[in-house]
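> There's a structure below that I have some questions on.
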Amino acid sequence: MSTTPKDTAIDARPKRQQTAKNIRAMKGSTPIVCLTAYITPMAARLDKHCDLLLVGDSVGMVLYGMDSTLGVDVDTMIRHGRAVCRGAKQALVVIDMPFGSYEETKEQAFRNAARMLSETGAGAVKLEGGIEMAETVRFLAHRGIPVLGHVGLMPQSVHAHGGYGARGRSVDEWQPIIEDAKAIAEAGAFAVVLEGVAEPLARKVTEEVDVPIIGIGASNACDGQILVTEDMLGLFAINPKFVKRYMELGAAIEEAIGAYAGEVRCRAFPAEEHTYKMRGANS
Ligand code: KIV
């Protein structure tokens, strides 16, 4: 890793971090900018552009090659949560509660959420679920734990729902999703992620729920947007419909690694400027 002084990963500005309360107050005003982050240098790069950084359980798929988020545990989330908090100066850091860490009882949820906040420095947790999780959200929120909800397509329920297809593409699927979002907001969530739903449903949820609705694959009608950073940077070959690729990172990496390999093989790298000289030598 190079350590050019002007470009250190951890920025020296004092922390003036966004809070869940501020994000809640952004309902209906400027769109809320959110991305996922799992490691310090990426968090430091994203921080100045984002209102919220999510340490998503998507870490299991993006960094560890898992085929779903179900195998991610609390310790993994804490490790990545700490790393992201080291890089974030102003964005609110939210950590996903992984599958199995909150569904059993509200006390189990509190215990794990408290650990995840106290051991990382993050400002909120996210959990998936609608009406069935409302009492848990209320229990956490009333005990000082800011909660970001997550309804619509819920990746931790992939087996129950039978895949990652978009929800709410026919009107008869709308009501349970609207009720889920309302229940979580009413229970005290400061905002709700709405994933993978048709645009008219996203518009209705955003109009009818009085906390910010953060969309992913849920159209431009929401109060804010979130994407998996590595998806929007173009790291992977597969590209879901709702992702816009802002660069082709995968191709850029391959090109750079190809150039490195070629230069090592023909001894063009390391060159003079990368080579230490004896003390007292001219350069
Ligand atoms: O885990 C994750 O990255 C998420 C976002 C995609 C919302 O839950």
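> Determine whether Met232 is among the hydrophobic types (A, V, I, L, M, F, W, C) and under 27 Å from Val193 (Cβ atoms).
Here the answer is yes, as Met232 does meet what is asked.
> Moving to a separate point now. Name every residue in the stretch 27-58 that is assigned to a loop (DSSP other than H, G, I, E, B) and buried (at least 16 other Cβ atoms within 10 Å of the Cβ), in order of residue number.
Lys27, Ala37, Tyr38, Ile39, Cys50, Asp51, Gly56, Asp57, Ser58
> If you scan the stretch 253-283, which residues turn out to be exposed (fewer than 10 other Cβ atoms within 10 Å of the Cβ) and part of a helix (DSSP H, G or I)?
Step one: filter the stretch 253-283 for residues exposed (fewer than 10 other Cβ atoms within 10 Å of the Cβ), giving 265-267, 271-283.
Matches in the stretch 253-283: Arg265, Glu272, Glu273, His274.
> Could you name every one of the helices (runs of 4 or more DSSP H) located completely within the stretch 66-145 that has at least 2 residues being closer than 15 Å to Tyr38 by Cα and in contact with a strand residue (DSSP E or B) (Cβ under 7 Å, 6 or more places away or on another chain)? Reasoning before the result, please.
Numbers: elements: 74-87, 106-118, 134-142.
Per the criteria, 74-87.
> Suppose we filter the stretch 233-252 for residues that are exposed (fewer than 13 other Cβ atoms within 10 Å of the Cβ) and among the aromatic types (Phe, Trp, Tyr); how many remain?
The total comes to 1.
> Sort out which residues of the stretch 156-176 are open to solvent by 20 Å² or more (accessible area, probe 1.4 Å), part of a helix (DSSP H, G or I) and within 16 Å of the ligand (Cβ to nearest atom), and write them in order of number.
Ser157, His161
> Continuing with this model, one more query. Can we say Ala191 is more than 14 Å from the ligand (Cβ to nearest atom) and aliphatic (A, V, I, L, M)?
Considered against the rule, which asks whether it is more than 14 Å from the ligand (Cβ to nearest atom) and aliphatic (A, V, I, L, M), Ala191 comes out as no.
> Criterion first (open to solvent by 20 Å² or more (accessible area, probe 1.4 Å) and either without any contact (Cβ under 8 Å) to a residue 12 or more places away in the chain or within 20 Å of Leu227 (Cβ to Cβ) (or both)) does Arg143 satisfy it?
no
> A further question on this structure: Got a number for residues in the stretch 186-197 being of a type in the set (Gly, Ala, Ser) and surrounded by fewer than 24 Cβ atoms within 10 Å (Cβ to Cβ)?
Result for the stretch 186-197: 3.
> Check off (1) among the acidic types (Asp, Glu); (2) in contact (Cβ under 8 Å) with a residue 40 or more places away in the chain; (3) within 16 Å of the ligand (Cβ to nearest atom) for Glu186 and give me the number that stays unchecked.
Of the numbered conditions (1) among the acidic types (Asp, Glu); (2) in contact (Cβ under 8 Å) with a residue 40 or more places away in the chain; (3) within 16 Å of the ligand (Cβ to nearest atom), the odd one out for Glu186 is (3).
> Ok, one more. Mind checking which residues of the stretch 65-120 are open to solvent by less than 40 Å² (accessible area, probe 1.4 Å) and without any contact (Cβ under 8 Å) to a residue 12 or more places away in the chain?
Gln108
> Counting just the residues of the stretch 198-232 that are assigned to a loop (DSSP other than H, G, I, E, B) and more than 14 Å from the ligand (Cβ to nearest atom), which one comes out surrounded by the most Cβ atoms within 10 Å (Cβ to Cβ)?
Val209
> Exactly one of (1) open to solvent by less than 30 Å² (accessible area, probe 1.4 Å); (2) out of contact with any Pro (no Cβ under 7 Å at 6 or more places or on another chain) is unmet by Thr19. Its number?
(1)
The values are calculated or read from the model by the stated rules, or taken from the named source; none is laboratory data. These figures come from a predicted structure and were not determined experimentally. Heads up, the Cβs are rebuilt from the backbone with ideal geometry, glycines too, and the neighbour counts pull from every protein chain shown. For accessibility, only protein heavy atoms count, side chains too; no ligands or nucleic acids. Shrake-Rupley method; radii C 1.70, N 1.55, O 1.52, S 1.80 Å.
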